[in-house]
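What follows is a single structure, written as structure tokens, with notes after it.
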Amino acid sequence: MKLFFYFLFLLLILLSSTVRAFELSGNISLQARHFFDEPLDQNQHRHYNSFAIEPEFYHAWDGDQQSLNFTAFYRYDQHDDERTHADIRELSWLKVFNDWELTVGLSKVFWGVTESQHLVDIINQTDQVENTDGEDKLGQPMIRFSTEQDWGLVDFFILPGFRERTFSGIEGRPRFEVPAGLVFDADAASYESADEENHVDYAIRWMGFFDEIELGLSYFTGTGREPESFLINGITLAPHYVLIEQIGIDIQAIIRDWTWKLESINRKSTTQTYNALTGGFEYTLYGILDSQTDLGIVIEYLYDDRDELATSPFQNDLTTAFRLALNDSQSSEVLIGIISDLDDSTVAGFIEASRRLGDKFKLTLEAKLFKNTIISRPLYNFRQDNHLQADIAWYF
Amino acid sequence: MIIKINTYFLLLICQLVAFNVAAISNEEKGLEIAIEADRRDNGFGDSTADMTMELRNKQGDSSVRHIRIKTLEVVGDGDKSMSIFDQPADVKGTAFLTFSHAIKADEQWMYLPSIKRVKRINSKNKSGPFMGSEFAFEDIASQEIEKYTYKYLRDENLNGIDCFVIERIPAYKHSGYTRQVSWINKAEYRPEKIMFYDRKNTLLKTLTYSGYQKYLDKYWRADELLMKNHQNEKSTILQWSNYKFKNGLKDKDFSRNSLKRAK
């Protein structure tokens, strides 16, 4: 991993001599999070303010056949020392050859088709302190070869180095409850592999396009991004990352007005093998009530065959969500939905709304609600953590 | 659909063979005009251009988008195109890849740079507004002959320009229009004005082309397109600049991988 970074810096220095003008863009945002209920732990707070900055430098040359991309991220949080964090989201060099392309550096990749969770998406580690929805990712060191042919698109990844998942600090919220007498320390993570975070992982993905059907098959071997368990060492509780093999399939089919989606994985480690699935559809009513507003309906079923032992809260759940797109000049959008557990009464609700203000600002509101959580299940940790979040971002 | 097209071409061949056909129907004449307009635009290969899209509401407030557009001519099928947003800043890098087709539904993908996700767009969304503008997705899509049925209405002088006035009726599913009335410049076979009638057959929008320029001595492109919505009194102005033709673009420049690195 260290060698890899050394190589990256060398690359950057070499290239920066040939690069005249970088294109700079990005955003700065202020965020307020308010929790409606008293915290479970007196170290936690009711209100959190924070700010974040995400500058992006980009330069392309050689007729756009080569480019350099550097995206940094930093957040300062008023209370949570772990949420105050920095990351290099992207620091990569891309070269396009005749039939294939090469990416070297820290980068981000997205796999999959479903909306409520992203099972097959495994290349990047989740930046969990940013948001518990798993959509924020840490930059992953990679060498990626990609080729797009008549028979499909193939990506081959060499992933030299592992990024540890971020976890909220003791003052952070929402977070998992730490049993009395123990101290959680994400940095004290342990690994199954003797190479620890220097283990080299590999992945391959093929995507086929058949008119209205798109099919993806993927394989990953290496250290799993999700800690399989949390181990106690003295008074320290820390994540334990194990070696896994994961096979993934994702299908999207447009059948008339319906978009059908399915993602499924089979994950194998030395201690467990399990299957998980997300499947459903999205149906959009365009121009409802004679307006320009579109109403999208998303129904997805979430399944994990570990059942009660699942580390994911979604072992037998149903997502019902509505997406309103006003199609106005401010790109106003609202997403509102619930994920209900079909085995018990647990309900997780979410609202996400956004609107551009002027040309340079964007306001985003987000709410998360947890109802009737069951003591033995993961969401029980969040039973006091209903909250509302407002972000105002300035784009440059 | 296939039968329809075969019929068109048969009719056309009949006309060509039987040179002195006494009278052709208004439908045949409308189609002939569309075919001639299409023929004159053949062979441009590929083009790139910058577009400024200005959205104006009833009160006169406006907001602006900057978009770069690349187009690849596909012989025997609809064109391929890529639109990349530079502004507004919060959607910078958002890109659309479209494979338009004559008969089957267009294929379209959207790339969201913040989460690096490529999303397939259901082609049902034809009548929806393109990025909050008065242009619907179907208005900015590649205009293939087979997408409409035609009828010649009359000759008319439009602001000093001799035009054919033809009516075209969308032959594809999910259009927001019952019909469009189009003024085609008689000398150059390029559109000067199009009036759009909504699903209730009420006048919805008028599109006016201005500032035509000739590229490569053959291909006409308008510098400005003004779309006026008569029902909500909003309008959208497209301003085109930096047209470049025959850049040597290839299929690989219109692939899913190229969408991800569009920038």
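The values are calculated or read from the model by the stated rules, or taken from the named source; none is laboratory data. None of these values were measured; they are calculated from a predicted model. Every residue, glycine among them, receives a Cβ derived from its backbone with ideal geometry; neighbour counts consider all protein chains shown.
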Legend entry - Selection count, segment B:76-132, where residues are more than 8 Å from chain A (Cβ to nearest Cβ), without any contact (Cβ under 8 Å) to a residue 12 or more places away in the chain and in a strand (DSSP E or B): 1
Inset, instruction - Report whether or not residue B:195 is assigned to a strand (DSSP E or B), closer than 30 Å to residue A:122 by Cα, more than 9 Å from chain A (Cβ to nearest Cβ) and without any contact (Cβ under 8 Å) to a residue 24 or more places away in the chain. - result: no
Inset, instruction - Scan segment B:236-247 and give yes if some residue there is within 30 Å of residue A:215 (Cβ to Cβ), surrounded by 17 or more Cβ atoms within 10 Å (Cβ to Cβ), in contact (Cβ under 8 Å) with a residue 12 or more places away in the chain and in contact with a Ser or Thr (Cβ under 9 Å, 6 or more places away or on another chain), otherwise no. - result: no
Inset, instruction - For segment A:334-353, state whether one or more residues are surrounded by fewer than 17 Cβ atoms within 10 Å (Cβ to Cβ), modelled with pLDDT of 90 or more, touching a Ser or Thr at 6+ places or on another chain (Cβ under 8 Å) and within 14 Å of chain B (Cβ to nearest Cβ). - result: no
Inset, instruction - Could you list all residues from segment B:147-168 that are closer than 21 Å to residue B:126 by Cβ and outside any strand (DSSP E or B)? - result: B:147
Inset, instruction - Collect the residues in segment B:221-235 that are of a type outside the set (D, E, K, R), in a strand (DSSP E or B) and in contact (Cβ under 8 Å) with a residue 40 or more places away in the chain, keeping them in residue-number order. - result: B:227, B:229, B:235
Legend entry - Of residues in segment B:211-235 being touching a Phe, Trp or Tyr at 6+ places or on another chain (Cβ under 7 Å) and charged (D, E, K, R), the one surrounded by the most Cβ atoms within 10 Å (Cβ to Cβ): B:221
Inset, instruction - Can you run down the residue pairs with Cβ atoms below 6 Å, 6 or more apart or on separate chains, where the first is in segment B:40-65 and more than 9 Å from chain A (Cβ to nearest Cβ) and the partner is of a type in the set (Val, Ile, Thr) and assigned to a strand (DSSP E or B)? - result: B:47/B:71; B:49/B:69; B:51/B:67; B:51/B:69; B:54/B:64; B:54/B:237
Inset, instruction - For segment A:389-396, state whether one or more residues are among the polar types (S, T, N, Q), more than 24 Å from residue A:277 (Cβ to Cβ) and more than 11 Å from chain B (Cβ to nearest Cβ). - result: yes
Inset, instruction - For segment A:101-108, indicate whether the set of residues that are assigned to a loop (DSSP other than H, G, I, E, B) and within 14 Å of another protein chain (Cβ to nearest Cβ) is non-empty. - result: yes
Inset, instruction - Starting from segment A:279-301, take each residue that is without any contact (Cβ under 8 Å) to a residue 60 or more places away in the chain and list its partners that are aromatic (Phe, Trp, Tyr) and crowded, with 20+ Cβ neighbours inside 10 Å, counting only C-beta distances under 7 angstrom and pairs at least six apart or across chains. - result: A:294/A:286
Inset, instruction - Identify the single condition in (1) surrounded by fewer than 19 Cβ atoms within 10 Å (Cβ to Cβ); (2) under 16 Å from residue B:30 (Cβ atoms) that residue B:152 does not satisfy, given that it satisfies every other one. - result: (1)
Legend entry - Selected residue (criterion: modelled with the lowest pLDDT) from residues of segment B:173-186 that are touching a helix residue (DSSP H, G or I) at 6+ places or on another chain (Cβ under 9 Å) and within 14 Å of chain A (Cβ to nearest Cβ): B:174
Inset, instruction - Any chance you could count how many residues in segment A:48-74 are away from every other protein chain (no Cβ under 12 Å), farther than 30 Å from residue B:251 by Cα and out of contact with any Ser or Thr (no Cβ under 6 Å at 6 or more places or on another chain)? - result: 8
Inset, instruction - Please tell me if residue B:112 is over 30 Å from residue A:215 (Cα atoms), among the hydrophobic types (A, V, I, L, M, F, W, C) and surrounded by fewer than 18 Cβ atoms within 10 Å (Cβ to Cβ). - result: no
Legend entry - Checklist (1) in a loop (DSSP other than H, G, I, E, B); (2) of a type outside the set (Ser, Thr, Tyr); (3) within 18 Å of the chain's Cα centre (by Cα) applied to residue B:240, failing item: (1)
Inset, instruction - Residue by residue through segment A:121-139, note down the ones that are β-branched (Val, Ile, Thr) and in contact with a Ser or Thr (Cβ under 6 Å, 6 or more places away or on another chain). - result: A:129
